[in-house]
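Everything below concerns the one structure shown next.
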Amino acid sequence: MSENGFVWKDRKRTIFGLPLSFTVYKLTNDKLLIESGFLSKKEEEVRLYRIMDLTLNRPLGQRMFGVGTIHCCTADKSSPEFDICKIKNPSKVKEMLSDMVESERDKKRVSAREYMVDEDDCDDI
């Protein structure tokens, strides 16, 4: 972990993959922080154990500049879905985040439950 307490930190990249935006992503051992805004600041916090699914999206324009977007689905009511937009090394970050999510889930003994509906289920008879 770095001296400022963050495992990873990056900015949303804009034109030509340059970090010229006011959105900053910070990752600690147990939570992901998303700070946005210039004059009016907003900080979102998502506990890692609440993240259920990660998807990496890299359209052609993002691949050309070496960036990508990670789409996150969570069990958090205030932020059920969000994107970590246009970051450098997106595959590496997604793998690191995935490993940290699993570690936090194991540490807190949280299990992911997926509910599947069987159309032939006859419980209502």
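Quick notes on this structure:
- Principal-axis analysis of the Cα atoms of the chain puts helix 90-107 at an angle of about 50° to the longest axis.
- Exposed trypsin sites (Lys or Arg not before Pro) absent - longest run of the chain, DSSP non-H/G/I/E/B, at most 10 other C-beta within 10 Å: 1-40
- Above-threshold pairs, the threshold being 20 Å between Cα atoms, out of Lys41/Lys92; Lys9/Lys86; Lys12/Lys41; Lys42/Lys108; Lys9/Lys92; Lys31/Lys94: Lys41/Lys92; Lys42/Lys108
- Between Leu54 and Lys88, full extension at 0.36 nm per residue minus the direct alpha carbon distance yields a gain of 10.6 nm.
- For chymotrypsin sites (Phe, Trp or Tyr not before Pro), the sites in the range 38-86 that DSSP calls loop and that have at most 16 other Cβ atoms within 10 Å are Phe38, Phe65.
- Theoretical ellipticity at 222 nm over the chain - DSSP helices of four or more residues, -39500 (n - 2.57) apiece, nearest 500: -5500 deg cm²/dmol
- Per residue, the Cα convex hull of the range 8-107 amounts to 84 Å³.
Just so you know, all these numbers are worked out from the coordinates, no wet-lab data involved. Since the model is a prediction, treat every value here as computed from it, not as a measurement. For neighbour counting, all protein chains shown are included, and Cβ atoms are generated from backbone atoms with ideal geometry for every residue, glycine included.
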